[in-house]
Amino acid sequence: MSTPLSIPDICPPQADATTIKAIIDNKTKPPGALGQLEDLAAQLASICSLDQAQSISIKKPCMLVFAADHGIAAEDISIAPQLVTQQMVHNFLAQGAAINCFAALNHMQLKVIDAGVLEAIDHPNLINQRVGKGSANFVAAPAITEAELNQCFEFAKQLIDQLHQSGCNIIALGEMGIGNTSSAAALMAAYLNLPISDCVGRGTGINDQQFARKTELLNQALSFHQAHLDSPLEILRRLGGFEIAQMTAAMLYAAALGKLILVDGFIASAAALAAVQIQPAARDYMVFCHSSEEAGHQRMLQHLQAKPLLQLGMRLGEGTGAALAMNLIYAAQSFYNDMASFEHAGIDAV
């Protein structure tokens, strides 16, 4: 890229891991008896603590749902037309989607962001971060221009800064965009140097003919861009989408400000993969919330050394897996803060 982006510096969490482990091990339970919940509590204590990891503080958790359209959707490789992106944004704003239900259930703010839906939507509760009317068809052109990528990062920075000023310390990310599993699969193949066949899936349920066409088009795209996939940002620019680019930037800026990042499914994980490729230290701040049914997600999670919290056979997107995982965040906070120690309970340590 000829125009360098301003990438934030990210420092690892500073809390003392030995202190955190001692607090967890001294709870009234055998060591490790709460399994993955103990690992989650340790990560929370290292990030969401104001008192040298003595307690976990959760403040104003916020779900960000980024919506945008993709040029490749014109190739008829999705079960739904592009119009559905706009329709689902209206559904989010009308409180009618799964993410509305799950975010409300788990006491999360929900913010819907238009990152580049084909047709603009006028609604007082919609955050306008439009970069364009959908990204370009990356089969034969870069999905995003350099100026557009800069705008994606600037919009994300402004949004994360606003949440930071409000006191929010946990940010979850979801998305909506017909065609975005194609973009995520292409990003995965480019970042991990894998064949498309290891990355591509059926999205929300395409038929065999569409799946074969999708695979063919993604191979064409990687061949077309191959000579230019020389940096993480250039890969994101050429193969990403407006919502994926803004999610990537939001993760980077959130990590730089020391916030916990809840990553949803395949699309959000592709953005997380991009963020980690750009700034490896961002990984310390990420919790991967569920294992999607999308074909490449398991391999992507393995590369990121991520053990997802939930495995429910979901493939909806919208941030639904991240919202459901919020209940486990509260559970980890509760036992870390409120469960008695052996000394306090008068019980001999196991």
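Numbers at a glance
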quantity	calculated
Compactness of the chain, expressed as Rg and Dmax over alpha-carbon positions, Å	20.2, 69
Dipole magnitude (debye, nearest 20) for the stretch 60-149, charges at Cβ of Lys, Arg, Asp, Glu	400 debye
The chain: DSSP helices with Cα axial extent of at least 24 Å and average Kyte-Doolittle hydropathy no lower than -1.0	146-166, 208-225, 320-338
Burial ranking of peptide ranges 180-187, 272-279 (average Cβ count within 10 Å, highest at the top)	180-187, 272-279
GNM flexibility winner over the chain from GLN151, GLN87, GLN333 (Cα, springs under 10 Å)	GLN87
Amide hydrogen neighbours beyond the local backbone of MET63, cut-off 5 Å, H modeled	GLN109, LEU110, LYS111, ALA172
Helical mean residue ellipticity (222 nm; -39500 (n - 2.57) per DSSP H run of 4+; nearest 500) of the chain	-14000 deg cm²/dmol
Solvent exposure ordering (accessible area, 1.4 Å, most first) of HIS303, HIS344	HIS344, HIS303
Accessible area in the full protein assembly, largest first, 1.4 Å probe, for SER231, SER291	SER231, SER291
Which of PHE155, PHE138 is most accessible, then next, and so on - probe 1.4 Å	PHE155, PHE138
ALA104-ALA140 pseudo-label distance in nm [points 7 Å out on the Cα-to-Cβ vector]	4.6 nm
Computed magnitude of the charge dipole of the chain (debye, nearest 20; Cβ of K, R +1, Cβ of D, E -1)	140 debye
Percent RCO, i.e. relative contact order, over the stretch 1-156, from Cα pairs under 8 Å lying at least 6 residues apart	21 percent
Rounded accessible area per residue of the chain, 1.4 Å, Å²	40 Å²
Magnitude of the charge dipole, the stretch 187-332, Cβ model with Lys/Arg +1 and Asp/Glu -1, debye to 20	100 debye
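The values are calculated or read from the model by the stated rules, or taken from the named source; none is laboratory data. Computed from a prediction, not measured in an experiment: that's the story for all the values here. For neighbour counting, all protein chains shown are included, and Cβ atoms are generated from backbone atoms with ideal geometry for every residue, glycine included. The protein model used for the area step is the full one, side chains on, heavy atoms only, and it has no ligands, DNA or RNA in it. Shrake-Rupley method; radii C 1.70, N 1.55, O 1.52, S 1.80 Å.
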